[in-house]
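What follows is a short report on a single structure.
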Amino acid sequence: SIKESALKNQPIGELETLRKVAQAAAKSTDPTEKMLGSLIINNIEEFMDNVKSTDMVAGSESLGATAKKYRAARGLYGRAKRSELINESIKAGGDARSGAENGIRNELNKITRSKKLSKFFPKNELDAIRDVIQGDFKTNFAKMLGRMGFMEGSSTSVLGSLGGVYAGSSLLGPA
């Protein structure tokens, strides 16, 4: 039964299987299933992030070797999770009505503002994401020009705009 298995030592693989089942539930269209799946995932990840060597039972290897492998595996999981979050942000932002650049910035901003999502990123990576969101002078100036229609691929270009100003002032005279 579930109670009996919950009281026994469980291999980490069992938690991973439970997480996969919960991930399928979290993707459900049923709001209750989605909520429960997300809750289970969060609890598993919180446990896995805070597990101590004393919470582990050594298998065929020493406890120290098991803990070392576990920490390495969690590090790899964290890297994969960060990569997944960035890729999802780029994909979702790329489809934004406000344009890909603005959409990606907004999606990355969601990561930095969410405790749930930002916990996967070390401080230096969150700082790098914030730099992308805020941009530097050149990036922000280019973004401003893009909004004004002066960037390549826009409906107008700098030369076209300047040409229109010249033609208007030539025909109508100075304002």
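The values are calculated or read from the model by the stated rules, or taken from the named source; none is laboratory data. Predicted, not measured: the structure shown is a model, and the values here were computed from it. Please note: Cβ atoms are built from the backbone with ideal geometry, for glycine as well, and neighbour counts cover all protein chains shown. Calculation scope for accessible area: heavy atoms of the full protein, side chains included, ligands and nucleic acids excluded. Shrake-Rupley method; radii C 1.70, N 1.55, O 1.52, S 1.80 Å.
Key figures for this structure:
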quantity	calculated
Every pair of residues 6+ apart whose Cβ atoms lie under 7 Å, when the first sits in the range 22-49 and is open to solvent by 20 Å² or more (accessible area, probe 1.4 Å) while the second is part of a loop (DSSP other than H, G, I, E, B) and among the polar types (S, T, N, Q)	K34/S28
Considering residues of the range 62-86 that are among the charged types (D, E, K, R) and more than 30 Å from E107 (Cα to Cα) only, the residue most open to solvent (accessible area, probe 1.4 Å)	K68
Failed condition for D95, given (1) of a type in the set (D, E); (2) farther than 30 Å from Q10 by Cα; (3) at pLDDT below 85	(3)
